[in-house]
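Q: I have a structure here, written as structure tokens, and I will follow up with some questions on it.
What follows draws every value from the coordinates through simple rules; no lab data is involved. Computed from a predicted structure; not experimentally measured. Cβ sites come from the backbone with ideal geometry, for glycine too, and all protein chains shown count toward neighbours.
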Amino acid sequence: MDNTPFPPAGVEIDEGKNFTDTDSAFGDNDGQSATLSLASSVMRYRYENGRRYHAFRAGSYFFPNDELEQERLDIFHHMIDLVLDGRLFLAPIGNNPQRILDLGTGTGIWAIDMGDKFPSAEVLGNDLSPIQPTMLPPNVRFEVDDIEDDWAYKTRFDFIHTRYLATSINNWPRLVWQCYRHLNPGGWVEFCDFDFSNRSDDGTVTPDLAMTENQRLIVESSRRLGRDPCPGPNLKSWVEGAGFINVTEVVYPMPIGCWAKNKKLKEIGAWNQAQYLQGVEAWSMNLLTHVLGWHPMEVQVHVAQVRNDARNKHIHSYYNMYIVYGQKPQDGSWGAVG
């Protein structure tokens, strides 16, 4: 595994020596009263424009939940695995956490990996969609729930984790507060999210690009619905504001494509390009048709143009990923559960 550290600022461009034609994208439930079992109503998915969407709290999450999107989420998980050199988290949670909660667990891949890593811990993942596998480690379980509701857990957690909730949350400070409230004193929270703002250090990301236009449209439509598409830069202030201590922020540049000179960033860029090419329709179709009134065919044309930009090795685009973690004080009794 390449342990080369990330560059402290910006991303150095591979001017051609190391870039080849093969560099491309890889073609006990104590809250049971407030959560849903995998009932038939939860499985009555909504289908639109060739994609499948969740049924529980329909419309509160803009992305599809079909097999294509699940594949993208697993690509995304692998990409973050590369970024973190195989680590599942950065917070110093110790070797013996007993209760772990993964918010917005998606396919459940992170929760399953945590169950394998900590076999004595109980790992719970929740999501709006019951798309997780059924063959699980004995210490891992999943539930359908809306994390913006009041949480009904009567037993606190030692570690609460979230990843990639951009455009999904109406009230981030309240979500962070709920994490604080449901952690044991001394427990840790960790957020991993983005600044949905493509940029370049050499001026190759310009306002006239379809990629730049897509960014503007997603930000506009998300904010019309009260959702923050760029939570990353604000995570630290939200975590500190909730009362956490030992708060740490780490920022990673995430290239789109294989243009970076750094070997590790080049590989990350390949995987990021893969999930971006697959995801641009997923995050565009619902928002642009329902919020901005576009016709589905207009969206498809726009998506094709964005994909062309993402494949262009002369466009040196990247965005920043933020990981912020913090600890609940040992005397942190505020907001006691129960």
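Q: For the stretch 252-269, name all the residues that are assigned to a strand (DSSP E or B), under 19 Å from the mean Cα position of the chain (by Cα) and surrounded by 20 or more Cβ atoms within 10 Å (Cβ to Cβ).
A: Pro253, Met254, Pro255
Q: Only residues that are buried (at least 19 other Cβ atoms within 10 Å of the Cβ), among the aliphatic types (A, V, I, L, M) and within 22 Å of Ser168 (Cβ to Cβ): list them for the stretch 89-105, please.
A: The answer is Ala91, Ile100, Leu101, Leu103.
Q: Okay, moving on. If the Cβ limit is 6 Å and pairs must be 6+ apart or interchain, which residue in the stretch 149-174 that is of a type in the set (D, E, K, R) pairs with which residue that is surrounded by 19 or more Cβ atoms within 10 Å (Cβ to Cβ)?
A: Arg156/His182; Arg156/Leu183; Asp158/Pro97; Asp158/Arg99; Asp158/Gly187; Arg163/Cys192
Q: Here is a list of conditions, (1) surrounded by fewer than 20 Cβ atoms within 10 Å (Cβ to Cβ); (2) under 30 Å from Lys266 (Cβ atoms); (3) of a type outside the set (D, E, K, R); (4) under 16 Å from the mean Cα position of the chain (by Cα), and Gly108 meets all of them except one; can you say which number that is?
A: Of everything listed in (1) surrounded by fewer than 20 Cβ atoms within 10 Å (Cβ to Cβ); (2) under 30 Å from Lys266 (Cβ atoms); (3) of a type outside the set (D, E, K, R); (4) under 16 Å from the mean Cα position of the chain (by Cα), Gly108 misses just condition (1).
Q: Quick check, is Asn308 assigned to a helix (DSSP H, G or I) and crowded, with 21+ Cβ neighbours inside 10 Å?
A: For Asn308, the condition - assigned to a helix (DSSP H, G or I) and crowded, with 21+ Cβ neighbours inside 10 Å - is not met.
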